[in-house]
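The structure under discussion appears below in the form of structure tokens.
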Ligand SMILES: *Cc1c(COP(=O)(O)O)cnc(C)c1O
């Protein structure tokens, strides 16, 4: 099974004779065993099996397996949110006294996680540009660097990560590259094919796609050789005393070590499991992911091209537009489309943007992106409200900026709504 459209509907779940065609929701916190010995073997990781839903649940496993197939990875797990996925992915291999190199163009929540919350846990982070040169990247590494982190398409900056350059730098320094592939989805980019080692998702966005469930996922390519850099990753290559001295790379192999450790250690101790019911909804989203991404991208392209010629629009940012500063990187990594999110500036600055927002009818004001319905936000008045105009510009948000997440409606209807709202702008 190779084509991604097929994996969207067939991947991960293969029922036996007489079993449900659709992934069943195993709505149970626990699982029954005949003998205490059998249960004991599960706890000592001698045998695999379900015993408690915080650690594993058949519904979650089937959906995780589908996401692993979509990304072309070896193993995957679901988490309760994208934030939990990114935290677990980094914390699984980096802790107090360690260092991380990260792209500066990342989701605000992930920036806070790396720059502030994980700093309080003793972890330092150095930020670099998403298109950093090899020299700039090399300069960011330290002897205690444990991973490199970036987003395929940054939310909300819409910068495209130079995945190949980041992966080569990471590998030359003996550490893996973690890529948050939320905005591109595996339909438009499979970071493993460019050298990334771990992929994360906020499944809340396009994968769910219907604004119904917050969720996350972590996928391991299985290609990073932890044992070759054993001194850097003792958590994977030396005995885990909290699990009877198991050595993850020995017992579960290069392809199973990362996800098994994140499940049996981090999920055990920190929680953050996705509810099986949410996994089921997520799976329904995955089934139409390829179809929806095509429409999201076609709409965003049409809207971006229209806005570019509109007299009431000061600027447009979309990596699918020739001339956009991310166009070349997008052509390389996202040749079939990027995502449905664009940003643009309304003529007349903050006042123009406020007038535009006030006159939209179909496009609705939401703190969200990647919904099947078009949604829109004026960051200067919402997520970045506490900043004055100078502070806004310093973090790449201008007072006139509108973030528009194109849904899967007809492009003409999105454009018509935008045009009538722009008509009201002086
Ligand atoms: C939304 C988002 C997150 C956070 O995900 P939640 O599911 O909201 O916790 C992380 N990374 C990116 C790129 C996002 O867009």
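Where a number appears in this text, it was derived from the coordinates with a stated rule and is not lab data. Note that this is a predicted model, so its numbers are computed, not measured. Counting neighbours? That spans all protein chains shown, and the Cβs are built from the backbone with ideal geometry, glycine included.
Peptides 323-330, 285-292, 99-106 ordered by packing proxy, namely the average of other Cβ atoms within 10 Å per residue, highest first: 99-106, 285-292, 323-330.
Give me the base-10 log of I(q)/I(0) for the chain at each q in 0.11 Å⁻¹, Debye formula, one uniform scatterer per Cα, rounded to two decimals. Debye curve over Cα of the chain, log10 I(q)/I(0) at q = 0.11 Å⁻¹: -0.83.
Sorting the segments 375-381, 257-263 by their mean number of nearby beta carbons within 10 angstrom, highest to lowest, gives 257-263, 375-381. A crude spin-label estimate for the pair residue 364 and residue 291, with each label 7 Å from Cα along the Cβ direction, gives 2.2 nm. To the nearest ten degrees, helix 58-71 and the longest principal axis of the Cα atoms of the chain are 60 degrees apart. Across all Cα pairs in the stretch 191-293, the calculated P(r) in 10 Å bins from zero up to the longest distance comes to 14, 35, 31, 17, 2 percent per bin.
Taking only the C-alpha atoms of the stretch 38-81, the Rg (one decimal) and the largest Cα-Cα distance, Dmax (whole number), read 12.0, 34 Å.
Volume per residue of the convex hull around the Cα atoms, evaluated for the stretch 102-236, comes out as 113 Å³.
Could the peptides 348-360, 192-204 be put in order, highest first, of the mean number of other beta-carbon atoms found within 10 Å of their residues? Please list the in-between numbers first.
Numbers: 348-360: 18.2, 192-204: 26.1.
So the peptides 348-360, 192-204, ranked by packing, come out 192-204, 348-360.
Remind me, what semi-axes does the stretch 291-423 give for its equivalent ellipsoid, largest first in whole Å, using sqrt of 5 times each Cα gyration tensor eigenvalue?
On the way: eigenvalues 98, 62, 38 Å².
After scaling each eigenvalue by five and taking roots: 22, 18, 14 Å.
Sequence-distant contacts, meaning Cα pairs under 8 Å at least 6 residues apart, place the relative contact order of the chain at 15 percent.
Each part reduced to its alpha carbon centroid, the stretch 355-380 and the stretch 278-309 end up 16 Å apart. Give the distance, in whole Å, between the Cα centre of the stretch 135-188 and the Cα centre of the stretch 74-118. Computed from Cα coordinates, the inter-centre distance equals 12 Å.
Over the stretch 1-156, calculate the relative contact order: mean separation of alpha carbon pairs under 8 Å at least 6 apart, over the residue count, as a percent. Relative CO of the stretch 1-156 lands at 20 percent. Computed over the chain with a Gaussian network model linking Cα atoms closer than 10 Å, the most mobile of 208, 371, 172 is 172. When the alpha carbon gyration tensor of the stretch 320-390 is reduced to an equivalent ellipsoid, its three semi-axes come out at 26, 16, 12 angstrom, largest first.
Semi-axis lengths, largest first, of the ellipsoid equivalent to the stretch 126-168 are 19, 11, 9 Å, with √(5λ) applied to each eigenvalue of the Cα gyration tensor. Once both labels are positioned 7 Å from their Cα atoms along Cα-to-Cβ, the gap between residue 351 and residue 28 label points is 6.6 nm. Measuring r between the beta carbons of residue 21 and residue 420 and using R0 = 56 Å, the FRET efficiency lands at 0.80. Compared with the dominant principal axis of the Cα atoms in the chain, helix 248-261 is inclined by about 40°.
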